[in-house]
1. Note down the net charge around residue 40, summing +1 for each Lys or Arg and -1 for each Asp or Glu among other residues with Cβ under 15 Å from its Cβ.
2. Could you pull out every residue, at least 5 positions away or on a different chain, whose amide H is within less than 5 Å of the one on residue 135? Hs are placed 1.01 Å off N in the peptide plane, and Pro or chain starts have none.
3. Residue separation times 0.36 nm, minus the C-alpha to C-alpha distance between residue 120 and residue 287: what's the value?
4. Using a 10 Å cut-off on Cβ atoms, rank the peptides 172-178, 90-96 from the highest mean neighbour count down.
5. Cα-Cα over 26 Å: which of 107/262; 142/253; 131/253; 112/142; 183/262; 186/253?
6. Given a Förster radius of 51 Å and the C-beta distance between residue 64 and residue 43 as r, what FRET efficiency does 1/(1 + (r/R0)^6) yield to the nearest 0.05?
7. Which cross-chain or sequence-distant (5 or more) residues have an amide H under 5 Å from the amide H of residue 221, H modelled 1.01 Å from N in plane?
8. How would 98, 50, 24 line up from fewest to most surrounding beta-carbon atoms within 10 angstrom?
Amino acid sequence: MVPEIAACAVVILALTAEHVHSRRTRRIAALAFGPGRRPAPWAYAAPWLRVLAMGGLCWGLATLMILPPKIQTVKEGEVPPGEERNLLLVLDVSPSMRLQDAGPDGKQSRMKRASAILNSFFERTPIQAYKISVIAVYTEAKPVVVATKDMDVIQNILGELPMHFAFMPGPTNLFAGLEEAAKIAKPWRPGSTTLVVVSDGDTIPAVGMPKLPDSVAHVLVVGVGDPYAGRFIDGHQSRQETTTLRQLALRLKGSYHNGNDKHLPTDLIYEVTLYSQTSPLKRLTRREYALIACGVSATVLALLPLALHLAGTRWRPGVPRKLAPSEPRTLVSGLHSE
């Protein structure tokens, strides 16, 4: 509040000074601007530019004076505090994910295909800027790791770890994974999280979709497994339920991708990568705005007198210089040899 008050006081003083200066200039307008007594059209904006520049410079300097000093302690390759992103993986670990009908040749297990898709995602994403959390889902949901940067831990989880033994047998419950994801992501910074759901499908209830917190900015649902030919397991045919997964993505306001044959497209990764979506203007803090105000205002105050001197009026005092008539050329003949 102090910088704003100081800037308003400076603006009032500058307006008063400009008013006094305008009255004095009016008396000698003929000497300054010639018989027309008027400056160049753009020069009428000079007083207002001067007032705004003084106010902006005062506000910027006062703001920088009261802000605590900012010390750069971030090492090369690290992410500055407050700019970390979160990648939240909801991973289906049900026994059906171990069926081998995935991949372009249909010989990969669904879990192995999920691992290949996620590794490709990691390679094309600034993963060093993310903290990764993994939630395993089967009949219920269990957090495996929360906010880690250790990629070895993530690779171990994706390496067909038999996590389904940690659950009681039964039908897959993806809603439980989404509820756990919402609970984990709730205290995180708004707009800082990308949620990725990897599954071969599940029966989605018509109501009861968990509400995601404001921290979740993007949702990506990836399906694995053959969407056409099913494999027999636990008394029923299991295949990728594309309709169900697409409906899940639609209800979460996210995107769906059938990852059984192809990896995630680059444009889709670009869309859900938060760094590519974050405008540089949104990263500016009060300190940066104060620095910009100081720089722009000081530049205006420094260049305005020069601009007024060079282009403030079209009238040029003095006697116009007359060009002397050009003298005829003198031909000098050379000596001829006899």
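1. Values: positive: 37, 38, 314, 316; negative: none.
Net local charge, residue 40 excluded: +4.
2. Counting only residues 5 or more places away or on other chains, the set is 89, 90, 91, 144.
3. Working: separation 167, 0.36 × 167 = 60.12 nm, distance 3.81 nm.
That pair, residue 120 and residue 287, stretches by 56.3 nm at full extension.
4. Details: 172-178: 22.3, 90-96: 24.3.
Order by mean packing, descending: 90-96, 172-178.
5. Details: 107/262 14 Å; 142/253 24 Å; 131/253 23 Å; 112/142 20 Å; 183/262 32 Å; 186/253 18 Å.
Where the Cα-Cα span goes over 26 Å, the pairs concerned are 183/262.
6. Values: r = 32 Å, r/R0 = 0.62.
The formula returns an efficiency of 0.95 here.
7. Distant-sequence amide H within range of residue 221: 197, 255, 256, 257.
8. Working: 98 15, 50 20, 24 8.
By the 10 Å Cβ count, ascending: 24, 98, 50.
Coordinate-derived values only; no laboratory data. Bear in mind the structure is a predicted one, so any value in this text is a computation, not a measurement. Please note: Cβ atoms are built from the backbone with ideal geometry, for glycine as well, and neighbour counts cover all protein chains shown.
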